[in-house]
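Peer 1: Would you mind keeping the following structure in view while I ask a few things?
The values are calculated or read from the model by the stated rules, or taken from the named source; none is laboratory data. Owing to the predicted nature of the structure, the values given are computational and were not obtained by experimental measurement. With ideal geometry, Cβ positions are generated from the backbone for all residues, glycine too; neighbour counts draw on all protein chains shown. Only protein heavy atoms, including side chains, enter the accessible area calculation; ligands, DNA and RNA are left aside. Shrake-Rupley method; radii C 1.70, N 1.55, O 1.52, S 1.80 Å.
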Amino acid sequence: NDNIWITGNVDGTATLDTFTFSGSNSGVFAARLDSAGNANFAYANGISGSNTGNGVAVDALGNAYFAGRYFNSITFGSFTLTGLTTFTTKLYISKYNIATSTWEWAIGPNYAVGSSSTEEARAIAVDEEDGVIVTGSYFGAMSLGANTIISSAGSQDIFLTKVGDCSGLSASFSAAGP
C-alpha cells in the first residue's frame with residue numbers, strides 16, 4: 001500500500017491535519033499518512049516524561065510496529081507499560097493492527113527476571129516472516145524475554161533482538177561499549 005507511517009515525540013501541542021497531539025515533556029505520537037501526505041490515523045499517548053518514538057516498520061499486511069523509550073509509563077490502546085523505577089528509561093515495542101484498527105500488543109522489559117537497566121530501542125525492522133527485529137542501547141541488566149538477562153560490560157552497550165510475536169524474545173545479541 002502507499003501508506004507512510006511516522007513516529008516521534010511532541011512537547012506541547014502539535015496538529016497534523018485534523019489530529020491534535022498534546023503532551024508535556026515529550027509524549028510519543030504515531031501517525032499514518034496517505035500517498036498525498038494526508039493523515040488518516042494519528043495517536044499520541046499523552047503521558048509526560050521523556051518518551052520518544054524512535055522507529056517504525058511495516059509488515060507485508062500493512063501492520064505497523066513501533067519502538068522507542070519511555071520514562072515512567074506509556075500507553076498504546078489498552079496496553080500500558082510501567083517502568084520499574086522513576087530514574088531509568090525503558091524500551092518499548094508495540095504493534096498496530098491495520099485490519100482491526102487496534103493496538104494488538106505492547107511489550108517492554110521483563111522485570112520479574114531482574115531487568116534493572118536504562119535502555120532504549122533505537123531502530124526496528126520486520127523480516128519476511130514477520131519477525132520484529134529491534135536494536136538499541138542499554139546500561140545495567142536487561143531482560144529480553146521470559147528468562148533471558150543480558151548485562152552490560154560497564155558502559156552503554158548495544159543489543160539486537162528478534163521478537164517472534166508479543167510473547168517476547170526469540171533470539172538476541174549484545175556487545176560491549178567502550
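Peer 1: Just one of the numbered conditions (1) at pLDDT 80 or above; (2) surrounded by fewer than 16 Cβ atoms within 10 Å (Cβ to Cβ) is not true of residue 43; which one?
Peer 2: Checking residue 43 against (1) at pLDDT 80 or above; (2) surrounded by fewer than 16 Cβ atoms within 10 Å (Cβ to Cβ), the one that fails is (2).
Peer 1: So which residues in the range 78-100 are part of a loop (DSSP other than H, G, I, E, B) and modelled with pLDDT under 90, if there are any at all? Quick ask: steps written out before the conclusion?
Peer 2: Start the filter on the range 78-100 by keeping residues that are part of a loop (DSSP other than H, G, I, E, B), which leaves 78, 83-89, 98-100.
Those that are part of a loop (DSSP other than H, G, I, E, B) and modelled with pLDDT under 90: 83, 84, 85, 86, 87, 88, 89.
Peer 1: Separate question: With respect to residue 134, is the statement that it is at pLDDT below 85, open to solvent by less than 40 Å² (accessible area, probe 1.4 Å) and among the aliphatic types (A, V, I, L, M) true? Give the derivation first.
Peer 2: Working: at pLDDT below 85: no; open to solvent by less than 40 Å² (accessible area, probe 1.4 Å): yes; among the aliphatic types (A, V, I, L, M): yes.
For residue 134, the condition - at pLDDT below 85, open to solvent by less than 40 Å² (accessible area, probe 1.4 Å) and among the aliphatic types (A, V, I, L, M) - is not met.
Peer 1: Restricting to the range 12-27, what's the tally of residues that are open to solvent by 50 Å² or more (accessible area, probe 1.4 Å), part of a strand (DSSP E or B) and either aromatic (Phe, Trp, Tyr) or at pLDDT 80 or above (or both)?
Peer 2: From the range 12-27, those open to solvent by 50 Å² or more (accessible area, probe 1.4 Å) are 13, 15, 17-20, 22, 24-25; that's our starting set.
Then keep just the ones that are part of a strand (DSSP E or B); that gives 13, 15, 19-20, 22, 24-25.
With either aromatic (Phe, Trp, Tyr) or at pLDDT 80 or above (or both) added as a condition, the list becomes 13, 15, 19-20.
Result for the range 12-27: 4.
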